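Chemist: Quick one: this structure, given as C-alpha cells, is what I'll be asking you about.
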Amino acid sequence: MANNEHLERIRQGTAQWNEWRKQHPEIQPDLRVAYLQGANLFGADLSGANLFGANLLGADLSRANLSRAVLQVANLSGANLSGANLFGATLRGAVLVKTNLTGATLTHCSIHGISVWNVQLEGAKQDSLIITPDDEPVVTVDDLEVAQFIYLLLNHKKLRNVLNAVTERGVLLLGRFGGGLEVLQAVAARLREERYLPIIFDFDRPHDRNFTETVKTLAGLSRFIIADLSGPSVPQELYATVPHFKIPFVPILEAGRKLFSMAVDLLEYPWVIRPPVIFTSTEELLNLVPSRIIAPAEEKHQARQHLLNELFPRG
C-alpha cells in the first residue's frame, strides 16, 4: 500500500509536491495502489515513483515527469498524459483506454500485457517499446497500438488464433480511390452491423511494401472481398488478387457506368460472384448487402471450407 505521508503530500498539490521532491531527491515515492482518480497532477515530478496498481482514472498528468516510474497494472483510462515524460517507465499490465498521450515520450517503456484502446498518440515519441516479459529475450516495437498484435505473432501457439480471428470476419473493400469513398464507408458501416470487420484500403502504403503487395496482404486476411468496379484503380487491384486468392469476390457497379474492358476475364473465375451487383444509389446498395453480397459470398465460402475439410481432415 502507499506510504501515507507520500500520499498526503501528493494530494496537497503539484507545487508543494515538486518542492518536497527537490528537498529529498533520495526518496523514492511510494504510491502503490493509491487512489488518485481525477487528481490534478499537471507537471508533477513522479520520476522513479512506485505507482503500482494506482487508480489514475481521468487524472491530469499532462507534462508530468514519469520517467522510470512503476505504473504496472495502474489504471490510466481517460487520463491526460499529453506532453508527459515516460522514458523507461514500467507499464506492464497497465490499462490505457481513451488515454491522451499526445506529444508524450514513451521511449524504452516496458509494456508487456498492456491494454491499449482508443488512445491519442499524435506527436508521441514511440521507440524501443519492450513487449516481452523479463524472463524472455528483449523484443522491441515502435508503436504502442500494434504492440499487442506483434507479441501475439511472436507466440507461435497463438498465431493460428490471431489469423483465424481476422479471416473469420474480415472483409476487404476495394476501389473508389478516385472519388466516391463514402459509398465504401457506408457499406463498411452496414457490414459492421452484420458483425464483420470491414477493411477499406485508403491509407498510405507501408514503407517497405508497394500498393499491390499491400492489397495482396489484406486480401489474404479476408473472408471475402467487395470490389467497386466504379473506381479507376480497381482493375490493377483485381488482377493482383483474383487469380491468386480462392476467396469470394463480390463485384459491385454503379448504374450507368461501364465495366472495364478486361473485367469479363476476371468474372470467369469460379470464386467471383456474377453478375456484378448493380446499384443506383448508396441506399439501394445498403439494402442489397444481406441478400446480394453477404449471402452469395458466404455460400461460396462454405463450399470452399467443405472442400478444404475434405482435403485436410482434422485428426
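Derivation of every value follows stated rules applied to the coordinates shown; laboratory data play no part. Treat the numbers as computed from the prediction; the structure is a model and nothing was measured. Positions of Cβ are generated from backbone atoms using ideal geometry, with glycine treated the same way; all protein chains shown enter the neighbour counts.
Chemist: Spin-label point model (7 Å from Cα, Cβ direction): what's the ASN210 to VAL146 distance in nm?
Modeler: Each label point is offset 7 Å from its Cα along the Cβ direction, giving 2.1 nm.
Chemist: Taking LYS158 as the anchor, which lysines have their alpha carbon closer than 30 Å to its alpha carbon, excluding any fewer than eight residues away along the same chain?
Modeler: Within the straight-line limit of under 30 Å, LYS158 reaches these lysines: LYS98, LYS125, LYS216, LYS246, LYS300.
Chemist: Could the peptides 45-51, 96-102 be put in order, highest first, of the mean number of other beta-carbon atoms found within 10 Å of their residues? Don't skip to the end; give the middle numbers.
Modeler: Details: 45-51: 23.3, 96-102: 20.9.
Put in order of decreasing packing, that is 45-51, 96-102.
Chemist: Skipping prolines and chain starts, which residues have an amide H placed within reach, meaning under 5 Å, of the one on VAL33, given they are 5 or more residues away or on another chain?
Modeler: PHE52, GLY53, ALA54
Chemist: With a Förster radius of 30 Å, plug the Cβ-Cβ distance of GLU8 and HIS108 into 1/(1 + (r/R0)^6) and report the FRET value to the nearest 0.05. Could you put the intermediate results ahead of the total?
Modeler: Values: r = 32 Å, r/R0 = 1.05.
The value I calculate is 0.40.
Chemist: Additional query: Could you state the angle between the C-alpha long axis of helix 14-23 and the longest principal axis of the C-alpha atoms of the chain, as a value from 0 to 90 degrees rounded to the nearest 10?
Modeler: Approximately 60 degrees, to the nearest 10.
Chemist: List, in order, the whole-Hz ³J(HN,Hα) value for each residue of the stretch 258-265 obtained from phi through the Karplus relation with A = 6.51, B = -1.76, C = 1.60 and θ = phi - 60°; use x for Gly and Pro.
Modeler: These are the phi-based 3J(HN,Hα) values: 9, 5, 5, 4, 9, 4, 4, 4 Hz.
Chemist: Across the Cα atoms of the stretch 66-139, what radius of gyration and what greatest pairwise Cα-Cα distance (Dmax) are found, in Å?
Modeler: Expressed in Å, the Cα Rg and Dmax of the stretch 66-139 come to 11.2, 32.
Chemist: Just how far, in whole angstrom, is the stretch 1-53 from the stretch 298-315 if you go by their alpha carbon centroids?
Modeler: 59
Chemist: Round to a whole angstrom and tell me the spacing of the C-alpha centers of the stretch 237-294 and the stretch 104-166.
Modeler: If you average the Cα positions of each part, the centres end up 37 Å apart.
Chemist: What's the angle, to the nearest 10 degrees (0 to 90), between helix 181-193's Cα axis and the longest principal axis of the chain?
Modeler: Approximately 80 degrees, to the nearest ten.
Chemist: Residue by residue through the stretch 275-291, which ³J(HN,Hα) values in whole Hz follow from phi under the Karplus form 6.51 cos²θ - 1.76 cosθ + 1.60 (θ = phi - 60°), with glycine and proline marked x?
Modeler: Coupling constants for the stretch 275-291: x, x, 7, 8, 9, 9, 8, 4, 4, 4, 4, 5, 5, 8, 4, x, 8 Hz.
Chemist: So if we plug the beta-carbon distance of ARG314 and THR217 into 1/(1 + (r/R0)^6) with R0 = 25 Å, what FRET efficiency do we get, rounded to 0.05?
Modeler: Approximately 0.40, to the nearest 0.05.
Chemist: Another question, then. Estimate the FRET efficiency between GLU268 and ALA189 by the formula 1/(1 + (r/R0)^6), using the beta-carbon distance for r and 30 Å for R0, to the nearest 0.05. Working shown, then result.
Modeler: Numbers: r = 32 Å, r/R0 = 1.06.
In this case the efficiency is close to 0.40.
Chemist: Among 215-224, 166-175, how do they line up from the highest to the lowest mean number of other beta-carbon atoms within 10 Å? Don't skip to the end; give the middle numbers.
Modeler: Working: 215-224: 18.7, 166-175: 20.2.
So the peptides 215-224, 166-175, ranked by packing, come out 166-175, 215-224.
Chemist: Kirkwood Rh over Cα pairs of the stretch 1-154 into Stokes-Einstein at 25 °C, 0.890 mPa s: D in µm²/s? Show your work: numbers first, answer last.
Modeler: Values: Rh = 15.2 Å.
My calculation gives 161 µm²/s for D.
Chemist: Taking square-rooted eigenvalues a ≥ b ≥ c of the alpha carbon gyration tensor, is the chain rounded, prolate or oblate, where a/c under 1.5 means rounded and, failing that, a/b exceeding b/c means prolate? Intermediate results must be reported in sequence, preceding the final value.
Modeler: Details: a/c = 3.09, a/b = 2.41, b/c = 1.28.
Cα axes put the chain in the prolate bin.
Chemist: Where does the chain land at 222 nm, in deg cm²/dmol rounded to the nearest 500, when only DSSP H runs of n ≥ 4 count, each adding -39500 (n - 2.57), divided by all residues? Can you show the working numbers first?
Modeler: Numbers: 10 runs with 98 residues, N = 315.
Mean residue ellipticity at 222 nm (helix-derived): -9000 deg cm²/dmol.
Chemist: Test of the criteria: in the stretch 215-294, which GluC sites (Glu not before Pro) are in a DSSP loop and have at most 10 other Cβ atoms within 10 angstrom of their Cβ? Walk me through the numbers on the way to the answer.
Modeler: Numbers: sites: GLU237, GLU254, GLU268, GLU283, GLU284; in loops: GLU268.
Of the GluC sites (Glu not before Pro), the ones in loops of the stretch 215-294 whose Cβ has at most 10 other Cβ atoms within 10 Å are GLU268.
Chemist: Using the Karplus equation 6.51 cos²θ - 1.76 cosθ + 1.60 (θ = phi - 60°), what ³J(HN,Hα) coupling, rounded to whole Hz, does each residue of the stretch 214-222 give in order, writing x for Gly and Pro?
Modeler: Running phi through 6.51 cos²θ - 1.76 cosθ + 1.60 with θ = phi - 60° gives 5, 4, 4, 4, 5, 4, x, 9, 9 Hz.
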